[in-house]
Amino acid sequence: MFGLSKLFSGKSAEKEPLLDALAAYRSSAFAIGIEAQWVKEITINTDKSFKVKLELPFAGKGELAQIEEFVSNKLSTSVSIDAEVSLPNQCCFKQIKQIVLVASGKGGVGKSTTAVNLASALEQEGAKVGILDADIYGPSIPLLLGLQGAEPKTLDNKNLLPFEAHNLKAQSIGFLVPSDDATVWRGPMASGALNQLMNETDWGELDYLIVDMPPGTGDIQLTMSQKVPASGAVIITTPQDLALADAQKGIAMFNKVNIPVLGLIENMSYFLCGHCGEPNHVFGKDGAVKLAHRHGVPVLANIPLAIEIRESSEQGQVISRDNVASISATYKNAARVLASSLHYQQTQNSSVEILITED
């Protein structure tokens, strides 16, 4: 790879329009364009076309086709772009660079399903990703990843090995407790178990660890929020007033423990009619938008009430990996915006406004 000193040598005059075009690109994730320091290599072909190699500081490889099209149109020549994801080498916990808590004020809003699809989308965007099931009383990750009945393993009798499915590393209390047994634990005991899962799992190197939090704002949630060095939180809600009232409590909890709320995801946002194709807002409309505006955070995605999501989840498949399903693009766009929000937040670029665009 060429460094910046090499990049600007030689035919720099021919490369400057390319750099200007990259900088002019805008989207929900790339809110201030492609920065010059992300460009690691430029090749100018004999036909004046370009080949570009980027090193992205957040998970965002899924947008390369749009970037290519924009820059090619801008320069009236063919531009081919490849990229690697390389987060800044600063870990917040062991070898984990970013920890994101996925929470909801109440159960039944699709939090675990969303957490799994968000984690998978981040992986598809070029990152190394793990998921921790912190829902002690209702662990869903083994089922959602098709790992029911899997038994925990260890190499040193001290640390558990994470399970692997769909290119994700995973850990859950559901792997330690029989699926048909009830976890009857008081708060301190449950918090201790979560602390062990977090600390005694050999996660290895991860760019992002998604933590599927238990619903509510009680003792376990507070303990996790205080003990886990989280980079930020995502709130899952539905458009219903009841769900939004509880989501508000979740936002308030994270504000009290100084964990930034990175955005909201409105699940079961609408139902597409199988006859006319029009959206039917079964549970209300624009609830998450109003709540997000009140707190100055973006709505990362509006996930429809879709039978495909339910069917994939029950079969241990991850629908965000299905490139044929239209909902896959929605999850991936949410993952890119989430990852870029974390990046801009940690580079203290607070002036960046995250613009959410339609897929």
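The values are calculated or read from the model by the stated rules, or taken from the named source; none is laboratory data. None of the values given here were measured: they were computed from a predicted structure. Note that each Cβ is placed from the backbone with ideal geometry, even for glycine, and that neighbours are counted across all protein chains shown. Surface accessibility is based on the protein's heavy atoms, side chains included, excluding ligands, DNA and RNA. Shrake-Rupley method; radii C 1.70, N 1.55, O 1.52, S 1.80 Å.
Here are a few things to note about the model shown:
- Rg followed by Dmax, in Å, when the stretch 105-182 is reduced to its Cα trace: 12.9, 39
- Within a Gaussian network of the chain (alpha carbon springs, distance under 10 Å), most fluctuating of Asn302, Asn195, Asn333: Asn195
- Under the Debye formula (equal points on every Cα, no solvent term), log10 I(q)/I(0) of the stretch 196-243 at q = 0.19, 0.22, 0.31 Å⁻¹: -0.78, -0.97, -1.39
- Set Lys106/Lys256; Lys256/Lys332; Lys61/Lys128; Lys61/Lys111; Lys249/Lys332; Lys61/Lys94 screened for pairs whose C-alpha atoms are more than 21 Å apart: Lys256/Lys332; Lys61/Lys111; Lys249/Lys332; Lys61/Lys94
- Label point distance in nm, Glu205-Leu75, each placed 7 Å from Cα along Cα→Cβ: 3.0 nm
- Between the amide H of Ser80 and those of Phe50, Lys51, Val52, distances stay under 5 Å, these residues lying 5 or more places away or on another chain, with hydrogens modeled in the peptide plane.
- For the chain, modelled as a GNM whose springs connect Cα atoms under 10 angstrom apart, the maximal fluctuation among Gly277, Gly107, Gly316 occurs at Gly277.
- For Asn280 and Gln317, a Förster radius of 22 Å and the Cβ-Cβ distance give a FRET efficiency of 0.30, rounded to the nearest 0.05.
- Cα shape, the stretch 8-151, gyration tensor, a/c 1.5 rule: prolate
- Taken per residue, the accessible surface of the stretch 197-257 reaches 35 Å², heavy atoms only and a 1.4 Å probe.
- Global geometry of the stretch 68-115, whether rounded, prolate or oblate, following the gyration tensor of its Cα atoms and the 1.5 cut on a/c: oblate
- Among Gln37, Gln240, Gln95: highest mean-square fluctuation, GNM of the chain, C-alpha pairs under 10 Å: Gln37
- Whole-percent P(r), the chain, all Cα pairs, 20 Å bins from 0: 29, 55, 16, 0.
- DSSP-defined beta bridges in the chain - what % are antiparallel, rounded to 5: 25 percent
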